[in-house]
1. Can you give the alpha-carbon Rg of region 28-144 over 2.2 N^0.38 Å, where N counts its residues?
2. For region 101-144, restrict the atom set to alpha-carbon positions and state the Rg and Dmax in Å.
3. Kirkwood Rh, Cα Rg: Rg to Rh for region 77-119?
4. Tell me the chymotrypsin sites (Phe, Trp or Tyr not before Pro) within region 24-107 that lie in a loop according to DSSP and have at most 12 other beta-carbon atoms within 10 Å.
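Just so it is clear, none of the values below were taken in a lab; they were calculated from the coordinates. Quantities reported herein were computed from a predicted structural model and do not represent experimental measurements. A quick note on method: Cβ atoms are made from the backbone with ideal geometry, for glycine too, and the neighbour counts reach across all protein chains shown.
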Amino acid sequence: MTHNMKTIRIVSLLTLLFLASSRCYASVMIEPVSKERAAKDFGASIRTEMVGTNQIGVWLEFTPKGKLQTFSSVQLEITSGERTLVSATLAPSKQTADAVVVYFMTDPVHLSTSRLTVFYKISSGFPPYDGIQFNVGDFIKHETSR
């Protein structure tokens with residue numbers, strides 16, 4: 001084997017190792033927050049209201065300041081046991097310099113297993129996003145769900 005072929009093999013192996021190790025570190029950091037911390041640190045609140053005979057509307061409102069100044073999207077997830085029933089990206093129903101509001105509606109039985117994750121851009125890393133997670137059940141009065 002010539003010196004040139006050894007060099008090519010070594011460079012190829014190092015490139016493969018680099019690419020494989022990069023994927024291992026590609027994770028999004030999701031930080032769950034309490035109702036109190038959401039209000040204090042992110043100006044965030046969740047409110048609910050009956051919007052039909054068997055549906056409840058859920059509104060998440062937050063202030064796009066601090067970490068959330070670089071807000072990019074909101075992900076809704078509703079689960080049942082190990083199964084994901086709904087996974088969707090929500091578009092803001094209102095977005096100003098002072099407030100972002102997203103909305104969804106569901107059967108009240110699903111409120112305790114509904115999660116909203118607000119993704120925001122970070123300055124470095126791949127993928128270039130982290131998220132703040134709001135477990136809807138932690139933000140609502142228990143008598144709202146049946």
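1. Relative to the rule-of-thumb radius for its length, region 28-144 sits at 1.04.
2. Computed over the Cα atoms of region 101-144, radius of gyration and Dmax are 13.8, 43 Å.
3. 1.03
4. When the chymotrypsin sites (Phe, Trp or Tyr not before Pro) of region 24-107 are filtered for loop state and at most 12 Cβ neighbours within 10 Å, Tyr25 remain.
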